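We did not get these values from a lab; they are worked out from the coordinates using the rules stated. All figures in this text were calculated on a predicted structure; none of them were measured in a lab. Here the Cβ is made from the backbone with ideal geometry for all residues, glycine too, and neighbour counts use every protein chain on show.
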């Protein structure tokens, strides 16, 4: 086998050239991609808004949970005092 003095075509192709060839071959491609990108951005915005709402609801839930926990602890303390008082009264009667 003899090797040819000519070099094979290089596979190093500029991406911009490839995209331009595709755009020339499929003229509606760029518009379709821009439309899809717009749809994706709208979807991302909606998800972001839902995440903000979820975060707000979670913070509200945590605040309510902490408050309810405090109220219940106070009620438990009152019930314990009442129970101790009741036991003391029973012991005094016997």
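For the stretch 15-93, which semi-axes, largest first and in whole Å, follow from the square roots of 5 times the eigenvalues of its Cα gyration tensor? Working shown, then result.
Working: eigenvalues 1016, 16, 9 Å².
After diagonalising the Cα gyration tensor, the semi-axes are 71, 9, 7 Å.
7 Å from Cα along Cα→Cβ at both residue 79 and residue 52: what's the point-to-point distance in nm?
Result for the modelled spin labels: 4.2 nm.
Residue 42 versus residue 87, label points 7 Å from Cα toward the beta carbon: distance in nm?
Result for the modelled spin labels: 6.8 nm.
Enter the angle in degrees (range 0 to 90, nearest 10) between the Cα long axis of helix 29-93 and the first principal axis of the Cα atoms of the chain, meaning the one along which they spread out most.
10 degrees
Hey, what number do you get for the chain at 222 nm if only DSSP H runs of n ≥ 4 count, each worth -39500 (n - 2.57), divided across all residues, to the nearest 500? Intermediate values should be presented prior to the final figure.
Numbers: 2 runs with 76 residues, N = 94.
When only DSSP H runs of four or more count, the value is -30000 deg cm²/dmol.
What angle do you read, to the nearest 10 degrees and between 0 and 90, between the alpha-carbon axis of helix 15-25 and the longest principal axis of the chain?
Its long axis makes an angle of about 80 degrees.
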